[in-house]
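The values are calculated or read from the model by the stated rules, or taken from the named source; none is laboratory data. Please read all numbers here as calculations on a predicted model, not as lab measurements. Positions of Cβ are backbone-derived with ideal geometry, glycine not excepted, and every protein chain shown enters the neighbour counts.
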Amino acid sequence: MRIAFIIDPPDTLNPAKDSSIAMMRAARNAGHAVWVIEQPALYAAVPHGVCAEAAHLEISDNDACWYQEIARETLSLHDFSAVLMRKDPPFDMEYVTATWLLERAEAEGARVFNRPAALRDHSEKLAILEFPQFTAPTLVAREAALIQAFIDAQRDCVLKPLDGMGGSQIFRVRADDPNRNVIIETLTRLGRRTIMAQRHIPEISQGDKRILIVDGQVVPYCLARIPKAGETRGNLAVGGRGLVQPLSARDREIAEALAPMLTARGLLFVGIDVIGDYLTEINVTSPTCMVEIARDSGFDAAALLIAALERHCTP
């Protein structure tokens, strides 16, 4: 198989934690050719269809020099056995445009994962509203009065934008916080941007758990991202500490309930976030944590993903 990964520039990726690199190494181990495409290289031309300049990489296990480019050419996306959309957020109009192009490529015969329409239609924050049985009290709004009333009712809340990642712009706001007005004004841009408010979950001190789902199969280990002292955010990008641990019964209950529905929508690889007993996000754009889970548990989710691609893409 010839597998194309749509990613950020390769020299910006960190082999010590990047799941895309783990996937490329697993693809190489399975005997497949690895190609990479950067999002700006995607284009459509009549009558040729959706194409991109792609680089063929030789993949190494040496983290100091994990790839070498051995060829570069312009190809149609349907020339690849599989195309994996692994571009990191922001989920902006350029990302949306990429999903339109990838959806057109699908119509021309390309096999794209996760499916472009599913990526575009699935809000990683708002998706939890579909599963209220697993979700803490939550509000999505931009009107200050609604947000203020929610904080008064819940007493201790987390506020965040709908398009952030890595813990960016997440605030914990208590009812008696003297800065609550300015926090709401800042996050909503004076009522011009919709945000999410959730009741604070004290179990964040035990970690924000990333649980992986690959083609409907729940990975039996998660990465609990534990906040550093003085923080309420567990994100590794803001100093959280990762701890690999087996899934709890509640973790598995949530993941097993979501897995078949998400897979049926064309979401081959998903990372859900659980704090305590509550689902907080459903990540589909470029979920990570494969490297840490494999290193500390021995469970190779990247190899599981490549095996899933083989099932879906081999004639």
Seminar exercise, completed: Going through (1) of a type in the set (A, V, I, L, M, F, W, C); (2) farther than 27 Å from residue 117 by Cα; (3) assigned to a helix (DSSP H, G or I) one by one, residue 255 fails only at (2)
Exercise. Taking residue 104, is it among the basic types (Lys, Arg), closer than 30 Å to residue 159 by Cα, in contact (Cβ under 8 Å) with a residue 12 or more places away in the chain and assigned to a helix (DSSP H, G or I)?
Worked result: no
Exercise. Which members of the range 41-51 meet the condition of being under 20 Å from residue 12 (Cα atoms) and surrounded by 18 or more Cβ atoms within 10 Å (Cβ to Cβ)?
Worked result: 42
Problem set entry | Qualifying residue in the range 163-185 (condition: closer than 26 Å to residue 259 by Cα and touching a Gly at 6+ places or on another chain (Cβ under 9 Å)) | yes
Exercise. Would a scan of the range 271-283 turn up a residue that is touching a Gly at 6+ places or on another chain (Cβ under 6 Å), in a loop (DSSP other than H, G, I, E, B), assigned by TED's automatic domain parsing to the domain that holds residue 216 and among the small types (Gly, Ala, Ser)?
Worked result: no
Exercise. In this structure, is residue 82 outside the structural domain of residue 269 (by TED's automatic domain parsing) and either touching a His at 6+ places or on another chain (Cβ under 9 Å) or within 30 Å of residue 223 (Cβ to Cβ) (or both)?
Worked result: yes
Exercise. Given the range 113-207, what helices (runs of 4 or more DSSP H) lie entirely inside it while holding 1 or more residues that are of a type in the set (D, E, K, R) and within 30 Å of residue 223 (Cα to Cα)?
Worked result: 116-121
Problem set entry | Set 70, 37: member being in a strand (DSSP E or B), in contact with a His (Cβ under 8 Å, 6 or more places away or on another chain) and either of a type in the set (Asp, Glu) or more than 22 Å from residue 293 (Cβ to Cβ) (or both) | 70
For this session: Please enumerate the residues belonging to the range 1-31 that are surrounded by fewer than 19 Cβ atoms within 10 Å (Cβ to Cβ), over 16 Å from residue 300 (Cα atoms) and not charged (D, E, K, R).
Result: 1, 9, 10, 12, 14, 31
Problem set entry | Count of residues meeting criterion [among the hydroxyl-bearing types (Ser, Thr, Tyr) and modelled with pLDDT under 95] in the range 289-315 | 1
Seminar exercise, completed: Counted residues in the range 169-208 being under 26 Å from the mean Cα position of the chain (by Cα), free of Cβ contacts under 8 Å to residues at least 12 places away in the same chain and closer than 23 Å to residue 239 by Cβ come to 1
